[in-house]
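What follows is a set of notes on a single structure, which appears directly below.
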Amino acid sequence: MSESDNNISIMADWVQLNHVNKVYSNGTVALQDVSLHIKENEFISFVGPSGCGKSTVFKLIAGLTEATDGDIRIMGMSPAHARKQSEMAFVFQDHTLLPWCSVEDNVMLPLSLRGMPKKQRLEEAARVLELVGLKDYKKALPRMLSGGMKMRVSIARALASRPKLLLMDEPFGALDEITRQTLQQELLDIWQREKGMTVLFVTHNVFEAVFLSTRVMVMTPRPGKIAEEISIPFAFPRDDSYHATPEFSEYVREVSAALKH
Ligand SMILES: Nc1ncnc2c1ncn2[C@@H]1O[C@H](COP(=O)(O)OP(=O)(O)OP(=O)(O)O)[C@@H](O)[C@H]1O
């Protein structure tokens, strides 16, 4: 571990991208001069047209691909190092649960892989299943659950490693509207209870972005750049009544207008 890796507490930004370019090996210029400065306890959404590079930003932050140019620091560390330290966890649209394992075993899997003793794993699984409202389903198999419940298990599994950074790539994209809205509210509640956690959230849905976020990053069509960063200073906790406020409509208009530029 380098000296800078030990100095997490004095790092102002939890996620820092400085002038990052990403050109894939086939010549596709996915990102051009992307700079991001994201702090502890933020909830940041990325919106933009299909193919603008939202997932590429996530892959770079996760250390799953390397930037062609520019610098990336995650809590003062390289992305690969931050991932190894379990500082980040992921939730995708596809819940990726193992069908033959119970809800509890699915949630404990990443902890088993890290060598956590069984008693601790069980305690952690109980904690996160309570957080997502599924403590009575710990012995159920994934096929017995609805789409929304599977997504809750997937979120619980991510939270079990107590990540400082939660990356969610269109997690609610495949869910019906009612379930989606319920999970949005639950996610906000969890984010507020898991104090200090920063969430990065990809969505195509402007309403979802404005409901959830402290800031919305609007990206341009490929090659992806940050067209605008829009702060959503509406207070938390937010609930359904926020949807009906003039501020909500105004932020939705602002983000939608930025997307059209
Ligand atoms: N491994 C790869 N090799 C070559 N090109 C790639 C690769 N991965 C992504 N791309 C291209 O890079 C661009 C950005 O892709 P990316 O998946 O990051 O966009 P996105 O905004 O997440 O898209 P969507 O909203 O459709 O999920 C796209 O044109 C995509 O085809």
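The table below gives the values:
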| read-out | value |
| --- | --- |
| Single unsatisfied condition, Pro221 versus (1) more than 26 Å from Glu40 (Cβ to Cβ); (2) away from the ligand (no atom under 16 Å from the Cβ) | (2) |
| Any pair with Cβ under 7 angstrom, 6 or more apart, that starts in the stretch 48-69 at a residue that is under 12 Å from Val202 (Cα atoms) and ends at one that is within 10 Å of the ligand (Cβ to nearest atom) and among the acidic types (Asp, Glu) | Ser55/Asp169; Phe58/Asp169 |
| Residue identified as over 28 Å from Ser25 (Cβ atoms) and outside the structural domain of Arg143 (by TED's automatic domain parsing) among Gly63, Gly70, Gly76 | Gly76 |
| Within the stretch 103-151, considering residues that are over 22 Å from Gln184 (Cβ atoms) and outside any helix (DSSP H, G or I), the one modelled with the lowest pLDDT | Arg114 |
| Single residue of the stretch 192-218 satisfying the filter (more than 16 Å from the ligand (Cβ to nearest atom) and part of a strand (DSSP E or B)) that is surrounded by the fewest Cβ atoms within 10 Å (Cβ to Cβ) | Arg215 |
| Top-ranked residue of the stretch 11-32 - restricted to ones that are touching a residue at least 24 places away in the same chain (Cβ under 8 Å) and either loosely packed, with under 15 Cβ neighbours inside 10 Å or not in a strand (DSSP E or B) (or both), ranked as nearest to the ligand (Cβ to nearest atom) | Thr28 |
| Search result, residues across the stretch 177-199 that are acidic (Asp, Glu) and either out of contact with any Gly (no Cβ under 9 Å at 6 or more places or on another chain) or without any contact (Cβ under 8 Å) to a residue 24 or more places away in the chain (or both) | Glu177, Asp189, Glu194 |
| Criterion (touching a Ser or Thr at 6+ places or on another chain (Cβ under 9 Å), in the same structural domain as Glu228 (by TED's automatic domain parsing) and within 15 Å of the ligand (Cβ to nearest atom)) met by exactly one of Ser50, Ser45 | Ser45 |
| Qualifying residue in the stretch 74-81 (condition: under 30 Å from Pro233 (Cα atoms), in contact with a strand residue (DSSP E or B) (Cβ under 9 Å, 6 or more places away or on another chain), within 16 Å of the ligand (Cβ to nearest atom) and among the aliphatic types (A, V, I, L, M)) | no |
| Hits in the stretch 163-192 (condition: over 26 Å from Ala235 (Cβ atoms) and either more than 13 Å from the chain's Cα centre (by Cα) or not acidic (Asp, Glu) (or both)) | Gly173, Ala174, Leu175, Asp176 |
| The stretch 188-209: number of residues that are among the aliphatic types (A, V, I, L, M) and under 24 Å from Pro49 (Cβ atoms) | 5 |
| Breaking point among (1) within 16 Å of the ligand (Cβ to nearest atom); (2) within 19 Å of the chain's Cα centre (by Cα); (3) of a type in the set (Gly, Ala, Ser), for Ala67 | (2) |
| Total residues in the stretch 222-260, condition in contact with a helix residue (DSSP H, G or I) (Cβ under 8 Å, 6 or more places away or on another chain) and basic (Lys, Arg) | 1 |
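The values are calculated or read from the model by the stated rules, or taken from the named source; none is laboratory data. Being a predicted model, the structure only gives us computed values, none of them experimental. For neighbour counting, all protein chains shown are included, and Cβ atoms are generated from backbone atoms with ideal geometry for every residue, glycine included.
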